[in-house]
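The values are calculated or read from the model by the stated rules, or taken from the named source; none is laboratory data. Because the structure is a prediction, the values reported are computed rather than measured. Here the Cβ positions follow ideal geometry from the backbone for every residue, glycine too, while neighbour counts run over all protein chains shown.
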Amino acid sequence: MGQPLNDVALDTIFRTARTFNGYTDAPVTQADIEAMYDLLKMGPTSVNQQSARFVWVLSQEAKDKLASLSSGSNAEKIRKAPASVIIGYDINFHEHLPAFFPHAPEAKNWFPTEEGRREQAFRNSSLQGAYFIIAARALGFDTGPMSGFDNAKVDEAFFADQPGVKSNFISTLGVGDPSSLHARSPRPAFDQFNRVI
């Protein structure tokens, strides 16, 4: 059983962590994103389906391409960020279950319909996107998750070579610039949205 994290770690991951609108010039490297992925992939998904597919956007050409498919202020955030990532989901995740869930060789057959796989893949890629945010924070980076973009055009531009993969959400990534922050929005008290039964 794991040991509780100390307050510094809890602040870094949750309490004082923020969603950033801008970043410093500190780079995000291939080694950095591989380290993030090596952490986030350890988070639980249903039958270890690992349905998320990531496109890490580091080159300016790719940033400009992604920005052109995004709306409002998101476009400029993507252009200026050291990196962005497109978190997608693969509705054909079941094809990989023999490797990722080997103790149940029949698991591939548990997902016979595309509609059912889509629901599973979307839910579990959302979880993996959240694991990405936590992993980035744990490694000293900040994120700016967003959903203001044209999913169909992003799919065509970045996932055309992967049939069955669709975009879920995007996040910018880097070392956050505190001057880009808004005042922190309120969070609900426990009693507002929780019941113990």
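General remarks:
- Residues that are out of contact with any Cys (no Cβ under 7 Å at 6 or more places or on another chain) and modelled with pLDDT under 95 do occur in segment 87-105.
- Within segment 154-197, if we keep just the residues that are β-branched (Val, Ile, Thr) and free of Cβ contacts under 8 Å to residues at least 24 places away in the same chain, the residue that is farthest from Pro82 (Cα to Cα) turns out to be Ile197.
- Residue within segment 86-97 that is within 30 Å of Gly22 (Cα to Cα) and aliphatic (A, V, I, L, M) present: yes
- Applying a threshold of 9 Å to beta carbon distances and a minimum spacing of six or more residues, or different chains, the list of pairs starting in segment 20-44 at a residue that is within 13 Å of Phe54 (Cβ to Cβ) and surrounded by 10 or more Cβ atoms within 10 Å (Cβ to Cβ) and ending at one that is at pLDDT 95 or above and of a type in the set (S, T, N, Q) reads Leu40/Gln128; Lys41/Gln50; Lys41/Gln128.
- Among all positions in segment 45-65, there is at least one residue which is farther than 27 Å from Pro178 by Cβ, free of Cβ contacts under 8 Å to residues at least 12 places away in the same chain and charged (D, E, K, R).
- Test for Leu5: is it surrounded by 11 or more Cβ atoms within 10 Å (Cβ to Cβ), in a helix (DSSP H, G or I) and not β-branched (Val, Ile, Thr): no
- In segment 179-195, residue surrounded by the most Cβ atoms within 10 Å (Cβ to Cβ) [restricted to those that are among the polar types (S, T, N, Q) and part of a loop (DSSP other than H, G, I, E, B)]: Asn194
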